[in-house]
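Peer 1: Pasting a structure here, questions to come.
The values are calculated or read from the model by the stated rules, or taken from the named source; none is laboratory data. None of the values given here were measured: they were computed from a predicted structure. Backbone-built Cβ (ideal geometry, glycine too); neighbour counts: all protein chains shown. Heads up: the accessible areas ignore ligands, DNA and RNA and are worked out on the full protein's heavy atoms, side chains in. Shrake-Rupley method; radii C 1.70, N 1.55, O 1.52, S 1.80 Å.
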Amino acid sequence: MNTAELLVRCLENEGVQYVFGLPGEENLHVLEALKHSSIQFITTRHEQGAAFMADVYGRLTGKAGVCLSTLGPGATNLMTGVADANLDGAPLVAITGQVGTDRMHIESHQYLDLVAMFAPVTKWNKQIVRPSITPELVRKAFKLAQSEKPGAVHIDLPENIAAMPVEGTPLYKQNVDRTFASFASIRSASALISQANNPIILVGNGAIRAQASDAVTQFATQLNIPVANTFMGKGVIPYTHPLALWSVGLQQRDFINCGFDNTDLVIAVGYDLIEFSPKKWNPDSKIPIVHIAANPAEIDSSYIPSVEVVGDISDSLDEILKVADRQTKPNPYAISLRSNIRSDYEQYANDDGFPIKPQKIIYDLRQVMGPEDIVISDVGAHKMWIARHYHCHSPNTCLISNGFAAMGIAIPGAVAAKLVHPNRKVVAATGDGGFMMNCQELETALRVGTAFVTLIFNDGGYGLIEWKQENHFGKGRSSFVHFGNPDFVKLAESMGLKGYRVEAATDLVPILKEALAQDVPAVIDCPVDYRENIRFTQKAGELNCVV
Ligand SMILES: Cc1ncc(C[n+]2csc(CCOP(=O)(O)OP(=O)(O)O)c2C)c(N)n1
Ligand SMILES: [Mg+2]
């Protein structure tokens, strides 16, 4: 056995199903070992695609997604997806090839110090400097990647070490016990929650990672406290629940911000500050906070919890419920807020404007998707609209990158989602800019048999940036954001995919239905009316929170 084979045995021991990657001369031994393993290697068309696939696989399963590249240029290409996983709290293990240890000290073809390069975008990373350390190193990599808060780790394997003979077996995987919050913190939290007149629950991706959505729903229902979720907390409570206030986190104010203006206690559950700065909802640091999470609170001058309940989230919520004593009358303000948010959403149901308003595109998308089907959003103006208008029945059914927020994640992410859930419908919702960053992975999708739909919000530009420029400098005063597009239908067809073009608002639902029924990946070119962006800014500016 050589080191590469031992590495692959260790990956099998970790339960790895897929390695996403792109071959190179420096990882021949690893590829050879993978060929003789139970692991399926998914060859991608760009290393970034491989990393995004591993990223979304990790987010959906809680198990580290694994991606692989060669040294130098392969590794630099991999980095964006690795960074995305790290800042989004998705468990990921990146493996790079490397020159032999005999030529790292001199100027060497394609050599970059990859341990130094990946250090800022990972939780931990190391080079395999000796064959015999492989089992410990791999076990440590997976343990760190998958433990709270999950993220990316990186293993660098020099080619001469990969080929060296070695003896060894993978390490036993210990079960990590859940940790529970102290009674003192449960009691203090219960007292604050019992006394508050107008509390609001703010849920983040930590609650999704901890699979605490049933506990959150029960907690909110029993204590009658409204729930807002961050973009990455979607589905934690069904959007149809009478206490669901849907998503919060836009840069500008929205109805939901009125809820935070009028609260006297925020109960933050699995809330990651990276997504939505507390400065946006607690600028004067006056709102008392109860922090309920697996880890202690991050430091932020606007986030100084009165009490930190640190431990298993579901257990903490159940324990607080046993002690908390609140009158169970629904809060009339929260109810009226919900009704405003809902009617704003419903008003686009029959909008027939063309190009189609983003609110209507998303309304229609929700109509054709089942409760467990999955939308992967890319990054841009469409993401903001998806965050605001696409609502979920259950967790991990609308994935948004809101920690690193890298464009180009949707198509590779959809490949991973379809591999994890082959029986669910999957839609990659993307801007035309993000589409052109990783559309090459549609060939991967066709080859590996992941038939999902790519829905392009076509505005001929970097819409979100145009929106920001107009917010900043005034209407019509944007620069460097427009571009031309290929014929997306022909592009899809040239790749052996199905292509559709939306030509009227009423086309979208039938096209979506037909596209979702295909057994090959399908691409829908949907013109979008982004005049709604600046209209929304104006409306939000006029927002008056009446209590
Ligand atoms: C890789 C990367 N590059 C640049 C950005 C900055 N950025 C955020 S949104 C955006 C525009 C996105 O354009 P498009 O994909 O067409 O979506 P739209 O905003 O038009 O809906 C840009 C350039 C980013 N987030 N990620
Ligand atoms: Mg665009």
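Peer 1: Quick one: accessible area per residue over the range 1-51, 1.4 Å probe, rounded to a whole number of Å²?
Peer 2: Numbers: 2090 Å² over 51 residues.
Solvent-accessible surface per residue comes out at 41 Å².
Peer 1: In debye, nearest 20: dipole of the range 1-84 around its Cα centre with unit charges on the Cβ of K, R (+) and D, E (-)?
Peer 2: Dipole magnitude for the range 1-84 comes out near 220 debye.
Peer 1: Could you tell me what percent of the accessible area of the range 48-101 is made up of carbon and sulfur, with a 1.4 Å probe and every protein chain present?
Peer 2: Within the range 48-101, the accessible surface is 53 percent carbon and sulfur.
Peer 1: On a 27 Å Cα-Cα criterion, which of the cross-link pairs K149/K539; K140/K383; K234/K513; K35/K513 come out too long?
Peer 2: Pairs exceeding the cut-off: K149/K539; K140/K383; K35/K513.
Peer 1: Using Cβ-Cβ distances only, list the Cys residues of the chain with no partner cysteine under 4.7 Å, sorted by number.
Peer 2: Cys with no partner Cβ under 4.7 Å: C10, C67, C392, C398, C439, C526.
Peer 1: Once a ≥ b ≥ c are taken as the square roots of the eigenvalues of the Cα gyration tensor of the range 240-289, is the result rounded (a/c under 1.5), prolate (a/b larger than b/c) or oblate (a/b not larger than b/c)? Don't skip to the end; give the middle numbers.
Peer 2: Numbers: a/c = 1.32, a/b = 1.25, b/c = 1.06.
Note, shape of the range 240-289 comes out rounded.
Peer 1: Right, something else. For the chain, report the % of Cα-Cα distances exceeding 35 Å.
Peer 2: Values: 58059 of 149331 pairs.
Percent of Cα pairs beyond 35 Å in the chain: 39.
Peer 1: As I understand it, the dipole of the chain uses +1 on the Cβ of Lys and Arg and -1 on the Cβ of Asp and Glu, about the Cα centre. Which of Q222, I39, A85 lies farthest toward its positive end?
Peer 2: Q222
Peer 1: Considering only C398, V415, Y363, whose Cα is most displaced toward the positive end of the charge dipole of the range 339-428, charges sitting on Cβ of Lys, Arg (+1) and Asp, Glu (-1)?
Peer 2: V415
Peer 1: How big is the accessible area of E275 in square angstrom, nearest 10, if you roll a 1.4 angstrom probe over the protein chains?
Peer 2: Rounded to the nearest 10, that gives 20 Å².
Peer 1: Would you mind checking which residues have amide H under 5 Å from W124's amide H? H placed 1.01 Å from N; only 5 or more apart, or other chain.
Peer 2: Distant-sequence amide H within range of W124: H154.
Peer 1: Sorted by accessible area with a 1.4 angstrom probe, largest first, how do T217, T80 fall?
Peer 2: T80, T217
Peer 1: So what's the gap between the Cα centers of the range 244-288 and the range 407-435, to the nearest angstrom?
Peer 2: 29
Peer 1: Quick check: at a probe of 1.4 Å, how many percent of the accessible area of the range 283-338 sits on carbon and sulfur atoms?
Peer 2: C and S atoms contribute 54 percent here.
Peer 1: Next up: Would you mind pulling out the separation of the Cα centroids of the range 45-75 and the range 457-522, in Å?
Peer 2: 26
Peer 1: Still on this model: When only C-alpha pairs under 8 Å and at least 6 residues apart count, what is the relative contact order of the range 62-117, in percent? All intermediate terms of the calculation are to be shown ahead of the outcome.
Peer 2: Working: 55 pairs, mean separation 26.0, N = 56.
After rounding, I find 46 percent.
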